[in-house]
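Beneath this line is the structure, given in structure tokens, with notes to follow.
The values are calculated or read from the model by the stated rules, or taken from the named source; none is laboratory data. A quick note: this is a predicted structure, and the numbers were derived from the prediction, not measured. Backbone-built Cβ (ideal geometry, glycine too); neighbour counts: all protein chains shown. Remember, those area values only see protein heavy atoms, side chains included, never the ligands or the DNA or RNA. Shrake-Rupley method; radii C 1.70, N 1.55, O 1.52, S 1.80 Å.
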Amino acid sequence: MKKVVKFGGSSLASAEQFIKVGNIIRADKERCFVVPSAPGKRFGEDTKVTDMLYACYSLAEAGHDFKKELQEIKDRYQEIIDGLHLELSLDKEFQVIEKNFKGKAGNNYAASRGEYLNGIVMAAYLGYDFIDAAEVIFFKENGEFDADLTNEVLSERLSHCKNAVVPGFYGSYADGRIKTFSRGGSDITGSIVAKAVKADVYENWTDVSGVLIADPHIIDNPEVIEVITYRELRELTYMGFMVFHEDAIFPVRQQGIPINIRNTNAPEDEGTWIVGSTCQKSKYVITGIAGKKGFCAINIEKDMMNSEIGFGRKILQSFEENGISFEHVPSGIDTMTVFVHQDEFMHKEQKVVAGIHRLAEPDSIDIESDLALIAVVGRGMKSTRGTAGRVFAALAHANINVKMIDQGSSELNIIIGVANEDFDAAIRAIYDIFVVTQL
């Protein structure tokens, strides 16, 4: 078996954390390929190295002296190197970084150096080959990830390595310029490496023991999801789950590679398995609950709307013309509601409304703001009667008014709209009825 292991910033924030990571890797000879993030926070008020690099580069870009700030970054790495008792110097690397900062190499270059340097330290600590991600992960000129070229080059390169470290978060354009993924992009790198080596498992190590059923900031000690499908995770990630970067699902999904979310600080925990499909029933009817605030609903009414061919297209055309994407479009016989992100809509609302009047000639338009959408997701809902009724009962018992409910034909999820102010209470009520009391 071959395993690709990715470690997040909190797992690599200090020499002490590095030692934990080293013990985890060495405990299983199948953990052949390692993808590290940049060092994260060592304590609550600490600063992530990536943020230090951004701040340092901002000074350089503005023409200010940045030697003190760069030295502080160097000291962070030296502290790790000393703690690991390594015979390693990053002097040459920091000289190159200083030169490129002065030459204004760009924010992407600056941000990527955290992973680059941590990759060098990790490779030295483990005795693994170091492969610069800029040499094997590529982007097209328009900034889009070049999956085919990357897989070809990376597969060839790693086929000659028994063990290797590939830094996360970045790659390069054809001309060598550095390009980063979005924040949390080391998850994507790990997935890309797993696909390239046809790994049996992609282990993603972080500071929690798996994916939680609900947000721990809202629910005290929510339970861990044991097994979740790619589709379920995709639904939850889209609605706010932050444990795993949503774009990291696709490379491994194509190859049927399972993902195992594990805790660096509790390696004995099994964590969460993310799989293509499974015959295992979830512990509860639902798999997870997630949501987002900050939506508004545009309610359109018109008599005999249901018999007017093209009415829905005309409504959505007004949003398209103004560059606004929609989230959900529940409808009735004479009504249609479009849910959109409030911050995208509010500055263009009158243009959109005017467009709807011009294109569709509705009887009335009403706008409701400050709404939240909550997704209740679970493969177990399809085979369980009354799931929507239990959601309604839980919310009614908590005196929460439901603004909208929308269930997909796959019966994998139910979307509920509530007022922003009821968001936390609604999630608690749903969690309570499905997990705590299981009524």
The alpha-carbon center of the stretch 28-68 and that of the stretch 163-196 are separated, in whole Å, by 16 Å
LEU149 and LYS68 label points (each 7 Å along its Cα→Cβ direction) are spaced in nm at 4.2 nm
antiparallel share of DSSP beta bridges within the stretch 108-258, to nearest 5, in %, is 60 percent
Note on the chain, DSSP bridge orientation, antiparallel percent to nearest 5 equals 65 percent
Within the stretch 289-439, pairs of Lys residues whose Cα atoms are less than 19 angstrom apart, provided they are eight or more positions apart or on distinct chains, add up to 5
Check: in the stretch 144-290 the Lys pairs 8 or more apart or on separate chains whose Cα atoms fall under 30 Å apart number 8
D (µm²/s, integer) via Stokes-Einstein for the stretch 250-298, Kirkwood Rh across alpha-carbon pairs, 20 °C, 1.002 mPa s: value 151 µm²/s
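Exactly which GluC sites (Glu not before Pro) in the stretch 45-111 are in a DSSP loop and have at most 13 other Cβ atoms within 10 Å?
Here the sparse-neighbourhood loop sites are GLU45, GLU87.
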Carbon/sulfur accessible area of the stretch 297-439, % of total, 1.4 Å probe, equals 49 percent
Expected max-MSF residue from LEU149, LEU371, LEU395 in the GNM of the chain (alpha carbon, under 10 Å) is LEU149
Where a ≥ b ≥ c are root eigenvalues of the Cα gyration tensor, a/c under 1.5 meaning rounded, otherwise prolate if a/b exceeds b/c and oblate otherwise, the stretch 89-179 counts as oblate
For the stretch 43-131, the count of lysine pairs 8 or more apart or interchain whose alpha-carbon atoms are under 21 Å apart comes to 17
With the 1.4 Å probe rolled over protein heavy atoms, the stretch 206-279 has an accessible area per residue in Å² of 46 Å²
So, with points 7 Å from each Cα along the Cβ direction, the GLU421-GLN280 label distance in nm works out to 4.3 nm
Taking a ≥ b ≥ c as the square roots of the eigenvalues of the Cα gyration tensor, with a/c under 1.5 meaning rounded and otherwise prolate when a/b exceeds b/c and oblate if not, the stretch 1-159 is oblate
Between the alpha carbon centres of the stretch 114-156 and the stretch 278-343 the gap in Å comes to 40 Å
Lys and Arg at +1, Asp and Glu at -1: neighbours of ALA248 with Cβ under 12 Å from its Cβ sum to +1
Summing -39500 (n - 2.57) over every DSSP H run of at least 4 residues in the chain and dividing by its residue count gives a helix-only mean residue ellipticity at 222 nm, to the nearest 500 deg cm²/dmol, of -11000 deg cm²/dmol
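Could you compute the FRET efficiency for ASP132 and ASP269, with r as their C-beta to C-beta distance and R0 at 35 Å, rounded to 0.05?
Details: r = 33 Å, r/R0 = 0.94.
Result of the calculation: an efficiency of 0.60.
What full-extension length gain, to one decimal in nm, is calculated for ASP334 and ARG183 as 0.36 nm per residue of separation minus the Cα-Cα distance? List each step's numbers first, then the result.
Numbers: separation 151, 0.36 × 151 = 54.36 nm, distance 4.29 nm.
Full extension of this stretch gives 50.1 nm more.
Would you please give the FRET efficiency between TYR238 and ASP75, computed as 1/(1 + (r/R0)^6) with r the Cβ-Cβ distance and R0 = 41 Å, to the nearest 0.05?
Details: r = 40 Å, r/R0 = 0.97.
That gives a FRET efficiency of 0.55.
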For the stretch 120-184, listing trypsin sites (Lys or Arg not before Pro) in a DSSP loop whose Cβ sees at most 11 other Cβ atoms within 10 Å gives LYS162, ARG183
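As an exercise, use a Förster radius of 30 Å and the Cβ-Cβ distance of LYS2 and ASP175 to find the FRET efficiency, rounded to the nearest 0.05. Let's see the in-between values first.
Numbers: r = 33 Å, r/R0 = 1.09.
The formula returns an efficiency of 0.40 here.
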For the stretch 352-397, shape from the Cα gyration tensor axes a ≥ b ≥ c, cut at a/c of 1.5 then a/b versus b/c, turns out prolate
Measuring from its Cα centre, the chain shows a charge dipole (+1 at each Lys and Arg Cβ, -1 at each Asp and Glu Cβ) which, in debye to the nearest 20, is 1020 debye
Under a Gaussian network model of the chain whose springs join Cα atoms within less than 10 Å, the largest fluctuation of LYS314, LYS92, LYS20 belongs to LYS92
Connecting every pair of Cα atoms under 10 Å apart in the chain and solving the GNM, the largest mean-square fluctuation among THR47, THR150, THR272 falls on THR47
Counting only protein heavy atoms and leaving out ligands, DNA and RNA, the solvent-accessible surface of CYS56 at a 1.4 Å probe, in Å² to the nearest 10, equals 0 Å²
